[in-house]
Every structure is written in C-alpha cells, then in structure tokens.
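The values are calculated or read from the model by the stated rules, or taken from the named source; none is laboratory data. Treat the numbers as computed from the prediction; the structure is a model and nothing was measured. Every residue, glycine among them, receives a Cβ derived from its backbone with ideal geometry; neighbour counts consider all protein chains shown. The protein model used for the area step is the full one, side chains on, heavy atoms only, and it has no ligands, DNA or RNA in it. Shrake-Rupley method; radii C 1.70, N 1.55, O 1.52, S 1.80 Å.
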Amino acid sequence: MEAAERDYYDPGPVERELAELEKALLSGAIDEEPVDQREDELLDRLDEIKAHQEIRST
C-alpha cells in the first residue's frame, strides 16, 4: 500500500507531463486550448501532491 501511495503522490510524472505539453505547444504539435485544459488539471494535481506532502511532514 505504501508503494502505491508513494507512486500516486510522486510529483515527477506530473512535472514531466507539464514539460512535454509545453514542448508540444512550442513546437506547434498541439493547439493552446487543449494544453490549457490539461495544464490546469496537472497544476491542480501538483497542488494536491504538495498538500499531501505537507500533511505527511507534520
């Protein structure tokens, strides 16, 4: 269970996807609208991860 939780709250995959989205947008591979929507979802996820980490560290 701890391994699954650790994986779920790992910010690495979210940060990598954000970087990939930016790269795809800058290269013109995708339009801005779907990027904005997914970026909002990923940033919300990072907020959730940070909140979880703060709770665990107290």
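At-a-glance table
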item	result
Pairs where the first residue, in segment 8-19, is in contact (Cβ under 8 Å) with a residue 24 or more places away in the chain and the second is among the charged types (D, E, K, R), C-beta under 6 Å, 6+ apart	VAL14/ARG45
Per-region count, segment 1-20, residues at pLDDT 95 or above and among the hydrophobic types (A, V, I, L, M, F, W, C)	3
Enumeration of residues in segment 30-58 that are at pLDDT 95 or above and either outside any helix (DSSP H, G or I) or among the β-branched types (Val, Ile, Thr) (or both)	ILE49
Selected residue (criterion: nearest to HIS52 (Cα to Cα)) from residues of segment 1-27 that are part of a loop (DSSP other than H, G, I, E, B) and open to solvent by 60 Å² or more (accessible area, probe 1.4 Å)	ASP10
